[in-house]
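These notes are about the structure you will find just below.
The values are calculated or read from the model by the stated rules, or taken from the named source; none is laboratory data. Please read all numbers here as calculations on a predicted model, not as lab measurements. Cβ placement follows ideal geometry from the backbone for every residue including glycine, while neighbour counts extend to all protein chains displayed.
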Amino acid sequence: MAKYTDADCRLCRREGVKLFLKGDRCLSKKCAMERRPAIPGQHPNARKKPSEYLTQLREKQKVKRAYGLLEKQFHGYYIEAERMKGKTGENMLSLLERRLDNVVYRMGIATSRAAARQLVNHGHICVNAKRVTIPSYLVKVNDTISVKENKTKKAPFEAVRKSRIVMPKWLEFDTEKLSGIVKALPARDDIDLNIEEHLIVELYSK
């Protein structure tokens, strides 16, 4: 499967906003957005006023990169959201939030979505007591997300027990048991990224 292998910090600089792709590093002074926030390239300040298309494209790229997806998969979520009842943009964001790798990240089990994806791929995460190795698995209301029982004593998970996690209201997580539950489907207000989803809808609907 295709995979982005270049420097993650370049993505944040290109979009001009922290995408929190490097976990705790993004909160430190080592963050590239703190040290060198200019757009990558030879003449970062020589860019003209962005066109309507470019504004829409940059918004789509920002969201796609924040969730760690490539174009084909991201566009697939838009197509699925368009078929659902309600607003297409909000449906798309809800689908992205319901991805298992994102839920593992939101619960604080991993410090970034990339790290969460790795945990899922390596079989460390269970849904309703069954191991799931598909990061794009969509969780449902009342699903139980937990660390596999024989992995709970590993160092990264011991660190989770000592951490203080700010939990979205649609999720609940017990740091001692390393287990949580999906209380509701994520609403638009639950998404903390600064996203203008209508720009993405306008781009794809052309």
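When each of Lys169, Lys177, Lys183 is tested for being touching a strand residue (DSSP E or B) at 6+ places or on another chain (Cβ under 7 Å) and modelled with pLDDT of 90 or more, the lone residue that passes is Lys183. Scanning the stretch 123-162 for residues being small (Gly, Ala, Ser), over 16 Å from Ile181 (Cα atoms) and buried (at least 16 other Cβ atoms within 10 Å of the Cβ) gives a total of 1. For the residues Ser136, Ser146, the requirement of being outside the structural domain of Glu197 (by TED's automatic domain parsing), within 22 Å of Ile200 (Cβ to Cβ), in contact with a strand residue (DSSP E or B) (Cβ under 8 Å, 6 or more places away or on another chain) and among the hydroxyl-bearing types (Ser, Thr, Tyr) singles out Ser136.
On the given criteria, is Lys62 surrounded by fewer than 17 Cβ atoms within 10 Å (Cβ to Cβ), over 22 Å from Leu171 (Cα atoms) and not assigned by TED's automatic domain parsing to the domain that holds Glu172?
Here the answer is no, as Lys62 does not meet what is asked.
Condition check: out of contact with any strand residue (DSSP E or B) (no Cβ under 6 Å at 6 or more places or on another chain), touching a residue at least 60 places away in the same chain (Cβ under 8 Å), in a helix (DSSP H, G or I) and among the acidic types (Asp, Glu). Does Glu80 satisfy that? No: the conditions fail for Glu80.
Return yes or no: is His122 at pLDDT 90 or above and closer than 30 Å to Ser51 by Cβ?
The answer is no for His122.
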